[in-house]
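These notes are about the structure you will find just below.
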Amino acid sequence: MKRLSGLIMLCISISICVNPVYGDSLSLSDFVGEPSHLAYSIGNTITLEEDTSGNLGYIYFLNNNYYVTGDAITLSFVYEFTLQPGDSDYLVAKIGNTYVTEILGDNSFGSDELILPGSGSIDLTPYQGSTISLAFGLEIDWADLSYTSVASLSNLEITTSSIQPVPEPATFLSLGLGLAGLAGFRRRYSRKKITSRASLP
Ligand SMILES: [Ca+2]
């Protein structure tokens, strides 16, 4: 019984050490806005404002040299997409030329402001260990003639999985209990062996 509990505790300890999941905020310091006055960040929130003149078909906040670490799993975020009556546009995220998020905000026939809140998640595992072009943007739905949509993205977080460098106290405790259980079994087993040897003729 002690052996079994020791093994279970040891397995739990190992799983806690090897497979933790972490979240790190996406650093926006190397991102740039194109054009800068319509795509910018304040703190960790990205704001994209449609070109009121309608001259631009797209507005991006991007990093052309974003390095995806080898342990990156997902990039998650929350967004709020606001469209005035008659407006229809796309809030997008792109990796290179691939659209990894595409949200249509359609208020073409609305008579009130439309606010679309939501969240998104981008799978980063195909890009682990490589440098990519990562862009968040507004793209105009050319069917509309309104140019007033605004989108914000926040809580941008990278989830990673890696070997935990410093186990937490609880991990130490469970690891210790696991090892103690194994040690207890080993002592018991050794005593049995000695006793059985001593009882030999
Ligand atoms: Ca529009």
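The values are calculated or read from the model by the stated rules, or taken from the named source; none is laboratory data. Quick caveat: nothing in here was measured; it's all calculated off a predicted structure. Cβ coordinates were reconstructed from backbone atoms using ideal geometry, including for glycine residues, and neighbour counts include every protein chain displayed.
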Out of all the residues in region 150-172, is one or more within 16 Å of the ligand (Cβ to nearest atom) and either over 17 Å from Ala93 (Cα atoms) or at pLDDT below 70 (or both)? no
For Leu48, the lone unmet condition from (1) away from the ligand (no atom under 16 Å from the Cβ); (2) surrounded by 18 or more Cβ atoms within 10 Å (Cβ to Cβ); (3) not small (Gly, Ala, Ser) is (1)
Scanning region 84-114 residue by residue, those within 16 Å of the ligand (Cβ to nearest atom), assigned to a strand (DSSP E or B) and of a type outside the set (A, V, I, L, M, F, W, C) turn out to be Ser88, Asp89, Tyr90, Glu102, Gly105, Asp106
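Where residues in region 115-143 are in a loop (DSSP other than H, G, I, E, B) and in contact with a Leu (Cβ under 9 Å, 6 or more places away or on another chain), which of them is nearest to the ligand (Cβ to nearest atom)? Give the derivation first.
Within region 115-143, the subset in a loop (DSSP other than H, G, I, E, B) is 124, 128-130, 141-143.
Keeping just the survivors that are in contact with a Leu (Cβ under 9 Å, 6 or more places away or on another chain) gives 124, 141.
Working: Leu124: 30, Asp141: 6 Å.
Among those residues, the one meeting the criterion is Asp141.
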Looking at the structure I just gave you, is Thr195 of a type in the set (Ser, Thr, Tyr) and modelled with pLDDT under 55? yes
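Every residue, every condition in (1) at pLDDT 95 or above; (2) more than 26 Å from Thr52 (Cβ to Cβ), yes or no:
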{"position": "Leu104", "(1), (2)": "yes, no"}
{"position": "Ser108", "(1), (2)": "no, no"}
{"position": "Asp112", "(1), (2)": "yes, no"}
{"position": "Ser119", "(1), (2)": "yes, yes"}
{"position": "Thr125", "(1), (2)": "yes, yes"}
{"position": "Leu134", "(1), (2)": "yes, yes"}
{"position": "Ile140", "(1), (2)": "no, no"}
{"position": "Thr148", "(1), (2)": "no, no"}
{"position": "Phe185", "(1), (2)": "no, yes"}
What pairs come up if the first residue lies in region 70-83 and is away from the ligand (no atom under 16 Å from the Cβ), the second is among the acidic types (Asp, Glu), and their beta carbons are under 8 Å apart, counting only those six or more places apart or on different chains? Ile73/Asp123; Thr74/Asp123; Leu75/Glu157; Ser76/Glu157; Phe77/Glu157
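Using the structure shown, decide if Leu62 is assigned by TED's automatic domain parsing to the domain that holds Thr148, under 25 Å from Asp141 (Cα atoms) and not in a strand (DSSP E or B).
Details: assigned by TED's automatic domain parsing to the domain that holds Thr148: yes; under 25 Å from Asp141 (Cα atoms): yes; not in a strand (DSSP E or B): no.
Criteria not met by Leu62.
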